[in-house]
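Have a look at this one.
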């Protein structure tokens, strides 16, 4: 038994050593690799819908009914081929605090705009609780490129478009929200801990040197002053004014002073506040568009080397943990 135990331990060590060596070799090899060019994927949603429909029909209809249905479909398909149907393109944006998908969104929009007159509508599914002001401002500016080309833009929100997420949505010609989608949160929030008293208690000095009176206002480790706090609040108010102006510019029908208090509304109530134009899910909207247009879903993906993928995964896990913690501290409010 002792021999088997020793042998098992030796075998486990040997396997572990081989795995570690293999991982190191893989990491070293991937470190020298360059990221592959971004690939644009296109999915024809009409075919997907048609396939699902045919699968269900095959299960529930009789042979005679299927035969008659196929005959009708052939006639319909023949007439469809003669029509020049509108082309609708669907994009997806899932936002985090840093609006990390902005670059991907930019590339997808650039590809669409290069097609000129062959784009009749762009639908963007936006899901975001907001985040950094400049990041979401950049994402909104990408959507504005579509409007600048005179292409109708529709934003669909199934779960949440709050704060920075709503800043993106408001650019659209039409905003569609699911019945319980969270809409609004037109406000700005900033919060930070201060460890200055803890440092003083442990006789630790912390110095901050700046050139320019307002280069740094509130700090995490330094001693904050009332003057710095006043400046910090003033900056927040300035951002809030810009945010309200942006909303009013794109949706003048909204009573901006009423809705820009940081509160949120659910689908039907958001409609009453003119924050959205229609209450229904993105699936229902795209289903209706498939009946009269060719609908394509675009997605882009850049395959990164293994080392970068591992680093990105670790960073993503850390960001998610931080975001979860911030949401807890903020009692589930969203950040602009």
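Here, each number is a calculation from the coordinates, and none is a lab measurement. Keep in mind it's a predicted model, so treat the numbers as computed, not measured. FYI the Cβ positions are ideal-geometry reconstructions off the backbone, even for glycines, and counts take in every protein chain you see.
Which of rounded, prolate or oblate describes the stretch 95-219 when judged by the alpha-carbon gyration tensor and an a/c cut-off of 1.5?
Details: a/c = 3.64, a/b = 2.21, b/c = 1.64.
It is prolate, given that a/c is not under 1.5 and a/b is the larger ratio.
For the stretch 163-230, what class follows from the C-alpha gyration tensor (a ≥ b ≥ c being the square roots of its eigenvalues): rounded when a/c is under 1.5, otherwise prolate if a/b is larger than b/c, else oblate?
Numbers: a/c = 4.68, a/b = 2.64, b/c = 1.77.
In terms of gyration-tensor shape, prolate.
Using a Förster distance of 45 angstrom, determine the FRET efficiency expected from the C-beta separation of residue 201 and residue 103, and round it to 0.05. Walk me through the numbers on the way to the answer.
On the way: r = 44 Å, r/R0 = 0.98.
For R0 = 45 Å, the calculated efficiency reads 0.50.
On to the next question. Which shape class applies to the stretch 48-151: rounded if a/c is under 1.5, otherwise prolate when a/b exceeds b/c and oblate if not, where a ≥ b ≥ c are the square roots of the Cα gyration tensor eigenvalues?
Values: a/c = 5.10, a/b = 2.06, b/c = 2.48.
Taking the square roots of the gyration eigenvalues as a ≥ b ≥ c, the stretch 48-151 is oblate.
In whole angstrom, and with the biggest value first, how far do the Cα coordinates of the stretch 125-188 range along each principal axis?
Extents along the principal axes: 31, 27, 14 Å.
Here is a follow-up. Among 49, 105, which comes first, then next, by fewest other beta-carbon atoms within 10 Å? Write out the running numbers ahead of the final one.
Values: 49 15, 105 22.
Fewest-to-most Cβ neighbours within 10 Å comes out as 49, 105.
Quickly rank 208-219, 171-182, 289-300 as a protection proxy: mean count of other C-beta atoms within 10 Å, highest first.
Per-residue mean Cβ counts within 10 Å order the peptides as 171-182, 289-300, 208-219.
Show me 162-169, 118-125 ranked by packing, highest mean number of other Cβ atoms within 10 Å first.
Working: 162-169: 28.6, 118-125: 19.5.
By packing density, highest mean first, the sequence is 162-169, 118-125.
Quick one: grab Rg to one decimal and Dmax as a whole number for the stretch 243-302, Cα atoms only, in Å.
Considering the stretch 243-302 through its Cα atoms, Rg and Dmax are 15.8, 43 Å.
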